[in-house]
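Just dropping this structure here.
The values are calculated or read from the model by the stated rules, or taken from the named source; none is laboratory data. All values derive from a computational prediction rather than experimental measurement. Positions of Cβ are generated from backbone atoms using ideal geometry, with glycine treated the same way; all protein chains shown enter the neighbour counts. Heads up: the accessible areas ignore ligands, DNA and RNA and are worked out on the full protein's heavy atoms, side chains in. Shrake-Rupley method; radii C 1.70, N 1.55, O 1.52, S 1.80 Å.
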Amino acid sequence: MADLWWIYSKPVPADGRELWTLFLQCSCITAVIGGLFYNWMFASLEYSWHLSVAMAVSFSLLLLLTLLLVHPARCVFSMIMPTLGTKQGRKFLFSTCIMIAVVNITPNIISNIKTILQVIECICKNSSDSLLNSTALLEKVSWEFGDAIQETIHSIYKPMNGHFRFSLLQNSSSIYQKMHLAGEKISREFLSVEVLVKDSIRVTNRLAAGFFMLYLCFESAWYLKNYLTNLRFDNFYVTKKLECLAMDRKASHLLAGSSKKLMRPTGLKLSWDEVVLCLVQAMLVTVALMLMLVVVAMDHFAFSVADTAVRRAAQFSAVPVTLNIKYKVGAGVSCPALRGDPTRCHFREVELLLGDFNRTYHHHLIFSSAHCRISPPTPPNPSVLLVVGLLFCILYATVFLETYARRLCRKIAASFFQSWEEERVLYLYRKLSRRHRKE
């Protein structure tokens, strides 16, 4: 592995064997990166498969030529891998989480809301239908009641025709049509909102992913540029070359006296500034996690409401309605003129029973029906929650691994430019010597 890395990090291969070894290394790297690039474009960014294949092949060929011919490009590309463990990598993971939420969680929420609206539409349609059918019962009652009134004993007491006519039944079809049009309008509006949200976030995520990719390459190139032009940049590590230089000049006490200001690139110790930075980044990741949990909670809440609405709508029983009509009519003769003195009235008040009507009618109000088109509620996908949880675990891990990723970037740059690393080590040694003399 050391020999392979030595060949990979050399500016120019020494012979044909090293050239073929470098070519095989670059070919393997570009094949793996091309496959990941295709999967990223097709599965995450949702490009078409033929465009994803074309972009992946073109990117792989360009990357192969760049890695094979340009030595600093190999260094920058090698530093991109550990740079994924820094804040730039976290931006990529945030973009992936947002895309997962858009593609999987948001349509699930909208689907469950549609189910709730379908339940409401079904209840409204069946209840209004049952209510309109009750008017037919009222019309039947009115006609029977009117016929009973007409069947009085004497024509002198016969009232006018007591029949009622209900014109509401004539507008039932228009009511159904209006309800159907309202339901279709709500469905179209939900569909348009869903398409608009998905398209907007998809385009935004694609632009953000492209920007993050370019910025990731720029940050690696910026680190290499500072490393090659500024001797003080990221130069506070006790490397093996620095230890050997101090031992050769019999100045090992310089490293011991500056142990609090110097860090070992392979050690696990973090400085106070690095710890504070990790805590701040962890708080930002926690805020993003809370927002994602709100979206997940909305998904579970929408499914719970939709599932409850469907189950309760299926359990709705018909409400019995009983209409009881008691009708009794009579006629009597009294002495209205002699009401002040009853003794002068020669006959008492006489009540003549002319008719009796006592009937009971039954009807049922129906709120739900098996003929309603209600799509079943869609439960949250547990695999989506698992993937999102895994991504946030990686995000929290990158918060604390960012310092070590930056140290790894320095080791990669030092292995590609060893002569310049010796200059940096010599500069740091002289800086420690001057500080020691002042003290």
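So residue 221 ticks every box in (1) small (Gly, Ala, Ser); (2) closer than 30 Å to residue 112 by Cα; (3) open to solvent by 40 Å² or more (accessible area, probe 1.4 Å) but one. Which box is left unticked?
Single failed check for residue 221: (2).
Please enumerate the residues belonging to segment 358-380 that are modelled with pLDDT under 75, of a type outside the set (A, V, I, L, M) and surrounded by 12 or more Cβ atoms within 10 Å (Cβ to Cβ).
Residues satisfying the conditions are 363, 364, 367, 368, 369, 372.
Only one of these is closer than 30 Å to residue 404 by Cβ and among the β-branched types (Val, Ile, Thr): 57, 53, 76. Name it.
Of 57, 53, 76, the one residue that is closer than 30 Å to residue 404 by Cβ and among the β-branched types (Val, Ile, Thr) is 76.
Out of everything in segment 411-430 that is free of Cβ contacts under 8 Å to residues at least 12 places away in the same chain and within 53 Å of the chain's Cα centre (by Cα), what residue ends up being surrounded by the fewest Cβ atoms within 10 Å (Cβ to Cβ)?
So the residue we want is 419.
Looking only at segment 29-47, decide whether some residue is touching a residue at least 60 places away in the same chain (Cβ under 8 Å), outside the structural domain of residue 7 (by the TED database) and outside any helix (DSSP H, G or I).
Scanning segment 29-47, I find no residue that is touching a residue at least 60 places away in the same chain (Cβ under 8 Å), outside the structural domain of residue 7 (by the TED database) and outside any helix (DSSP H, G or I), so the answer is no.
Pick from 44, 58, 78: which is over 24 Å from the mean Cα position of the chain (by Cα) and surrounded by fewer than 18 Cβ atoms within 10 Å (Cβ to Cβ)?
Exactly one of 44, 58, 78 is over 24 Å from the mean Cα position of the chain (by Cα) and surrounded by fewer than 18 Cβ atoms within 10 Å (Cβ to Cβ), namely 58.
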